[in-house]
Amino acid sequence: MRLNKYIANAGIASRRKADELTKNGNVKINGHVMKEPGYDVLPDDTVEVNGRVIEQNEKKVYIALNKPRGFVTTMSDDKDRLTVADLVSDIPERIFPVGRLDYNTSGLLLMTNDGELANRLAHPKHHVEKTYRAKVAGVLSGKKLNRLRKGVDIGGFVTSPAKVTLIKQTQRSAVAEITIHEGKNRQVRKMFAAVGCPVQELERIAIGDIYLARLKEGTYRKLTRAEIEILKSY
Ligand code: URA
């Protein structure tokens, strides 16, 4: 974040006043005077204004984003691809994604500036269930569904029991919902590939008891107080 915004966010001064303070030499980064208001403050930087260290006392924000395909789950991308940051650019707080979705996966992504909650949710020991709707190629026979439910080898790792429901089967493809709690890299894609039904489209529709529901693709909503309490209880 730019230095002037960082100072303004901390409630020290308006952005314009922050520019002034900076140009006048009243601001230090890691003990050194910094006169450039556009300096990009790094997470580990110590920022001092008039000799006092300032902290970012941001209010906590919790949002549910419906990530479209073709967006990277990071706040910046060195290959200049679209990122989820582009979809939440009107949120002034420094939020970041909780976990990730593949570039080609759409659906529910939680974002917050609550680092403690994000770490807890990401930790496998908390076993937060994630539900996906997958369109896959081929026929999801009863036998294949049961293999997915029991656990499949996805290359050196056997998945834990999963909940799998067949929603629709046509001649060449099927739609199923699958609930897992492990979150290995590309796990759902690898699971369906392991039973010979490669994923064609993948969407996350729930994280625990937080649902994507009718949230439009590319948009976000703030979580309700009740939803935040649910997340904190995991
Ligand atoms: N499993 C996948 O294969 N991709 C995702 O994005 C999430 C889970």
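Kindly rank 80-89, 107-116, 45-54, 200-209 from highest to lowest mean number of other beta carbons found within 10 Å of each residue.
Taking the mean over residues of other Cβ atoms within 10 Å, the ranking is 107-116, 200-209, 80-89, 45-54.
Using the beta-carbon distance between residue 56 and residue 182 and R0 = 41 Å, what value does 1/(1 + (r/R0)^6) give for FRET efficiency, to the nearest 0.05? Don't skip to the end; give the middle numbers.
Working: r = 33 Å, r/R0 = 0.81.
Given R0 = 41 Å and the Cβ-Cβ separation, E is 0.80.
Tell me the accessible surface of residue 135 in square angstrom (1.4 angstrom probe, heavy atoms of protein chains only), to the nearest ten.
70 Å²
Provide the three semi-axes, in whole Å and in decreasing order, of the ellipsoid equivalent to region 129-207 as defined by the square roots of 5 times the Cα gyration tensor eigenvalues. All intermediate terms of the calculation are to be shown ahead of the outcome.
Details: eigenvalues 60, 38, 25 Å².
So the equivalent ellipsoid measures 17, 14, 11 Å along its semi-axes.
If you put +1 on each Lys and Arg Cβ and -1 on each Asp and Glu Cβ, how big is the dipole of the chain around its Cα centre, in Debye rounded to 20?
Numbers: 41 positive and 28 negative charges, 216 e Å.
Dipole magnitude for the chain comes out near 1040 debye.
Quick one: check the C-alpha center-to-center distance for region 137-188 versus region 80-110, whole angstrom.
Centre-to-centre (Cα) distance: 26 Å.
State to the nearest 20 debye the size of the charge dipole of region 129-207 about its Cα centre, where the only charges are +1 on K and R beta carbons and -1 on D and E beta carbons. Don't skip to the answer; put the middle values down first.
Values: 16 positive and 6 negative charges, 31 e Å.
Using Cβ point charges on Lys, Arg, Asp and Glu, region 129-207 gives about 140 debye.
Starting from the amide H of residue 107, placed 1.01 Å from N in the peptide plane, find each other amide H under 5 Å away whose residue is 5 or more places distant or on another chain.
67, 204
Relative to the compact-globule scaling 2.2 N^0.38 Å, provide the ratio for the alpha-carbon radius of gyration of the chain. Intermediate values should be presented prior to the final figure.
Working: Rg = 21.9 Å, N = 234, 2.2 N^0.38 = 17.5 Å.
So the Cα radius of gyration is 1.25 times the expected 2.2 N^0.38 Å.
Considering the alpha-carbon set of region 3-53 alone, what are its Rg and its Dmax in angstrom?
Taking only Cα atoms of region 3-53, I get Rg and Dmax of 9.3, 24 Å.
Which sequence of 91, 230 reflects their accessible areas, 1.4 Å probe, from the largest down? Kindly include the intermediate steps, with their values, before the conclusion.
Details: 91 20, 230 55 Å².
Of 91, 230, the descending order of accessible area is 230, 91.
To the nearest 0.05, how large is the calculated FRET efficiency for residue 82 and residue 32 if R₀ is 25 Å and r is the Cβ-Cβ distance?
Working: r = 36 Å, r/R0 = 1.43.
It comes out at approximately 0.10.
From Cα pairs below 8 angstrom and at least 6 apart in sequence, can you work out the relative contact order of region 129-207, rounded to a whole percent? Mind dumping the intermediate values first?
Numbers: 158 pairs, mean separation 37.2, N = 79.
Contact order relative to length: 47 percent.
Counting helices only, and only those DSSP H runs with n ≥ 4, report the 222 nm mean residue ellipticity of the chain as the sum of -39,500 (n - 2.57) divided by its residues, in deg cm²/dmol to the nearest 500.
One gets -6000 deg cm²/dmol as the mean residue ellipticity at 222 nm.
Can you pull the accessible area of residue 93 for me, 1.4 Å probe, Å² to the nearest 10?
Surface accessible to solvent at residue 93 totals approximately 30 Å².
The values are calculated or read from the model by the stated rules, or taken from the named source; none is laboratory data. Predicted model only: the values in this text are computed from it and were never measured. Please note: Cβ atoms are built from the backbone with ideal geometry, for glycine as well, and neighbour counts cover all protein chains shown. The accessibility values were calculated without ligands, DNA or RNA, using every heavy atom of the protein model including side chains. Shrake-Rupley method; radii C 1.70, N 1.55, O 1.52, S 1.80 Å.
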